[in-house]
1. Work out how much length VAL314 to THR229 would gain on full extension: take 0.36 nm times their residue separation and subtract the Cα-Cα distance, in nm to one decimal.
2. Filter LYS444/LYS619; LYS246/LYS619; LYS48/LYS185; LYS391/LYS592; LYS246/LYS305 down to the pairs with a C-alpha to C-alpha distance above 28 Å, please.
3. How many nm is it between the label spots at TYR119 and LEU661, if each spot is 7 Å from the Cα in line with the beta carbon?
4. When the Cα centres of the stretch 320-358 and the stretch 203-276 are compared, how far apart do they sit, in Å?
5. Would you be so kind as to identify which of ILE432, SER364, VAL446 lies farthest towards the positive end of the dipole of the stretch 363-478, taking Lys and Arg as +1 and Asp and Glu as -1 on Cβ and the Cα centre as origin?
6. Quick one: grab the alpha carbon gyration tensor of the stretch 363-478, order the square roots of its eigenvalues as a ≥ b ≥ c, and give me rounded if a/c is under 1.5, else prolate or oblate depending on whether a/b is larger than b/c.
7. Give the calculated FRET efficiency between LYS641 and ARG603 to the nearest 0.05, with a Förster radius of 25 Å applied to their Cβ-Cβ distance.
Amino acid sequence: MSGESGQPEAGPSHAGLDWPNPERNRAGVPGGVIRRAGSQGPRSWIQKVLEQIMDSPRQCVTPSEVVPVTVLAVQRYLLEDEPRDTVPKPPLYCYDVTISDGVYQEKCYLDPSLNSLVYQNILKVGIQMRISRVSCLYNEKRIGQGILCIDNVHCGETSDSISLETPFRNRAHQEKPERPLRGGKSHYLALWNNEDPYGDIWLTDKQPEEHNFSDTKIISLSHLEMTWTNRRNFPALLVRILHKSKLRYYGKPDKKMIEPYQTFLEVADSSGTVSVIMWNALCPEWYKSLRVGLVLLLQDYSVKKSYPFRIQPVPVDPQIKLISTMEICLNLRDPPTNIIIIPEKQVKPEWRLPKLNHRFTTRSELDDMPENCICDVIGLLVFVGRVQRSKKKENREDFWSYRWIHIADGTSEQPFIVELFSTSQPEIFENIYPMAYFVCTQLKVVRNDNQVPKLLYLTTTNESGVFITGHRGQPYTYDAKNANRPSTSQAARVEIQERNGKRHQDDEPVNSQYFQTTSTNLSLSNKIRILQGPHANPVAVPQPGASVQTKGIKPGMPSIFNRRANINANLQGKARKTISDRWESQLWREKKFGLIDHLHYSRVYPESIPRKFMFEHRKFLSDQYNSQPAKYVPPEGRPPKLDDFKSARSLGHFEVTILGLNHEIAIDVAFLPMYCPEDIRTSQIDTLLTSMNYSCAYPQDTTGNDRLPGPRAVAGDIIKAATELDRVHIVGILDICNLGNNKVEVYLHKIYSPENTS
């Protein structure tokens, strides 16, 4: 098939599909003219496959030659219902995969039957894969137009040398903003959740501009509340942003919304505070430019009765009236809203706009705060957990993204333990690391004083915001009431330096903060819960009820207890040595050779071991414990290996074998208690059962100048304590963690010894 002039076009930049103006028919297939490649330039495997499809009477073909291609991008979007669909279907998320054969790049549609490869993190950016079956999805309204579909693949390992210089064979794939291959959506979603803004449709360049108020009529919020039902046109509002919520994506297959987003702003003037809802296309245009503290002039908005079941955040100033009978709606049309950011230097005192009133709380104050109380915290990050996901609803593909962090402020030996959900700030959420100053606002207290040990941590709310760099100019720095509160981070800094100095004398690494890593082959399907940080009391680890972690309840008996640990010598250069302790019950020796099945899941992979932080490698380490990116990013220089970083878990891990009650099935699982000899508490954990209940191990109390027992002695005590459970019926809670790439770990989270086993 020749070009429009009847002659084949030469050169790689003009070969193949040429989509200067992609069109979308009702079935959502864009257009593009398929052309034969000329003889000049290097031969492209992608081009040969397309020509093979054109020459074949079948819609699906097996490439005559299968060569490895490199995956450069994996991008997700919601596919709309086809016109022939009469019954609404559940959301179907599709993936476009950009590949390179060394000559061209091509964006391909991944057949939904292969979506599980993305979920399991087998198909990811940076790997080489072999495509063994392809097809072409044609645009039936235009001759010779369609998209290349991947129907069967074999995924390989990460490629060592990847070039991003190869051009797109289809020039339309280079257009901005990027558009999905199918459907009518104008943008891609974030790869692992729907709350994070992703792609180039999200603008960040909205700047304050001075406004001439001489011809602008302003109405107060309290006056608007009394008169809005009798008005057809509304005067302008002059307000300050007090809270900003994370994004909500409400796209559905049967909804033809181009950009179905929603976000809430809580704004106030001198007369009251009210909720403002920003809808649809205004979100990509304005969301990333609006921040708490800005003064806005709102014109051409609409007003409606407020949603009765939404709970507004607590006002920053209890003296400000909370207006809950109406909501302000901002839309791109009906009517088209006009938003102006007023420079702070133009704000006049006579406007009496409310100031921000942050509720900075110290760690020493947290112990006395009631449940559900709202607070803000500031300090140094001392622990950063890896990204996890939990399902919003069963049988759906929608997930929350979250991670656990510890923040020290120097007012207590205990850090803040924070369950940090995505706040629609991926530029911060994905780039946090120990030793960084960190601010988190609008956190809610979660506590349970009735259990032992007591449960106490903070979790984010819908209006939470996070800040990690560039604190100058942030809204909390102008808060006069809390002007001295950020000094708690200075106290934390001094405390960290003192600890580092002590460790340095003992030839320990100067950077003593810890983080939990996860290698780049981790999927976000199932993740292990947090492993407690370096200075944690025996605190029960909280777990969301809707977590995608599979909790298996396994009745049985603990029959064999191994301890394996790789201990680094104190002095650099000495080799690692493995310390092993073992206890095996007589019952296990009698039954282990007659089992029907013995499941082996006690291996702990390197990416599941907390590592000590090294500032100079923060970029590499951030990549390790973050989720997979949607686009390939070349590493900086020669990256180190994960095993080069010292483990922060001095006790190593324990391998526990649980024998079923019928003595026919057994399972090996891992047990990872946290042990930190620097922190001795009054509450001692001296039995194996208690240790397993709280995932912590503490040495026996010491007095005076007695030397603390080392990890080997503590491990030996735990092994000895295992004999207490010989032939005891227990109920175990297991965490089944899918690490992706066909790797699974099973952890013993808790065991119970039921009082009545009948």
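1. 28.0 nm
2. Details: LYS444/LYS619 30 Å; LYS246/LYS619 26 Å; LYS48/LYS185 30 Å; LYS391/LYS592 38 Å; LYS246/LYS305 22 Å.
Correct reply: LYS444/LYS619; LYS48/LYS185; LYS391/LYS592.
3. 3.2
4. 6
5. Most positive-ward Cα: ILE432.
6. oblate
7. 0.85
Every read-out reported here was derived from the displayed coordinates using simple, explicitly stated rules and does not represent laboratory data. Please read all numbers here as calculations on a predicted model, not as lab measurements. Quick reminder, even Gly has a Cβ in these numbers, built from the backbone with ideal geometry, and neighbours come from all protein chains shown.
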